[in-house]
Amino acid sequence: MGSVLPHKPLLLGVVNTTPDSFSDGGQYLSPERAVAHGLELLGQGADGLDVGGESTRPGAVPVPASVELSRVVPVVAALASRAPGRLLSIDTSKAVVAKAALDAGATLVNDVTALADPGMGPLCAERGAQVVLMHMRGTPATMQQHPAYTDVVAEVTEWLAKRVAVALDCGILPEQIVLDPGLGFGKSYADNAKLMAAIPKLSALGYPVLIGASRKAFIGALTGVKTPADRVYGSIGAAVAAALRGARYLRVHDVAATRQALDVMEAIDQC
Ligand code: HH2
């Protein structure tokens, strides 16, 4: 039948150095544990890591830059020196944190606010860093209060196109840009499924698409699994569905399981 897989997606393993992340908060709060976890994920087949020091779960309260810096910078620096050449992403919406992480060896800025901090665009442009522009409706504190769209796919696509224009205006090059519909960030459960089905439409904007479906509440809603860490099988289903629709990056917590699923899918696709 030939290949149906548009691209071989890159797996980004999540390293949360937070006390309050929705599925693994508090597990990797000490830098040593976070670094060990990151190295373990790379050993399990992650292509890169996404290090975050501020939870963006629904209802999360922002943390000061000083706290975020003290959580992420030692972890990024240690991972950059112990896993040189690997894709290392910093999950932050603060330019000051992104700058310190880039100095410490990160190469990609994962900004869930898509350059809301006025310093972020110029920083990414100047440093030539890859940047993820993610769609969010509202803020983590408010985003799940009755999110409503007339046409979620059209509205998210249009919003991302506007943020691309802002990024290009800052001097960010097209090849630095990655787009993300922001599953769970101001979306109903049905909206998340529609956005995943619409990955080809998002990709038609001309930029690689990142999908972060791992362990999220909509997977719980579709499967009836209440505990986020138990949503591994549903998360694998989402990762495979996203890959088949052309996602270029998959941000996942359960690297070993997802790697196994993708390896089998990719092998079949080669026949
Ligand atoms: N989801 C989370 C965090 N960062 N970044 C992008 N680009 N896309 C996502 O879907 C995304 C993201 C939420 O997951 P997690 O980091 O595990 O939880 P928390 O925000 O509670 O730390």
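Laboratory data are not the source of any read-out in this text; all were calculated from the coordinates shown. None of these values were measured; they are calculated from a predicted model. Counting neighbours? That spans all protein chains shown, and the Cβs are built from the backbone with ideal geometry, glycine included.
Alpha-carbon geometry of region 23-120: the Rg and the Dmax are 12.7, 37 Å, given in that order. In plain terms, the bigger the Kirkwood radius, the slower the diffusion; for region 26-75, with that radius from Cα pairs, at 20 °C and 1.002 mPa s, Stokes-Einstein puts D at 180 µm²/s. Shown for the chain is the translational diffusion coefficient from the Stokes-Einstein equation, using the Kirkwood radius over Cα pairs, a temperature of 37 °C and a viscosity of 0.692 mPa s: 178 µm²/s.
Electrostatic tally near residue 119: other residues with Cβ closer than 9 Å to its Cβ, Lys and Arg +1, Asp and Glu -1, net +1. Within straight-line reach of residue 8, meaning a Cα separation under 25 Å, sit the following lysines at least 8 residues removed in sequence or on another chain: 194, 201, 216. Among 265, 120, sorting on how many other beta-carbon atoms sit within 10 Å of each Cβ, with the fewest leading, yields 265, 120. With contributions of -39500 (n - 2.57) from each DSSP H run of at least four residues, the per-residue ellipticity at 222 nm computed over the chain stands at -13000 deg cm²/dmol. Overall, the anisotropy analysis places region 104-158 in the prolate class: the square-rooted eigenvalues a ≥ b ≥ c of its C-alpha gyration tensor yield a/c not less than 1.5, with a/b exceeding b/c.
Cβ-to-Cβ counts within 10 Å put 185, 22, 218 in ascending order as 22, 218, 185, the fewest first. Temperature 37 °C, viscosity 0.692 mPa s: under these conditions the Stokes-Einstein estimate for region 149-244, based on its Kirkwood radius over C-alpha pairs, is 232 µm² per second. Take the Cβ-Cβ distance between residue 4 and residue 222 as r, set R0 to 25 Å, and report the resulting FRET efficiency rounded to the nearest 0.05. The pair residue 4/residue 222 has a calculated efficiency of 0.60. Taking other C-beta atoms within 10 Å as the exposure proxy, 172, 90 rank 172, 90 from fewest upward.
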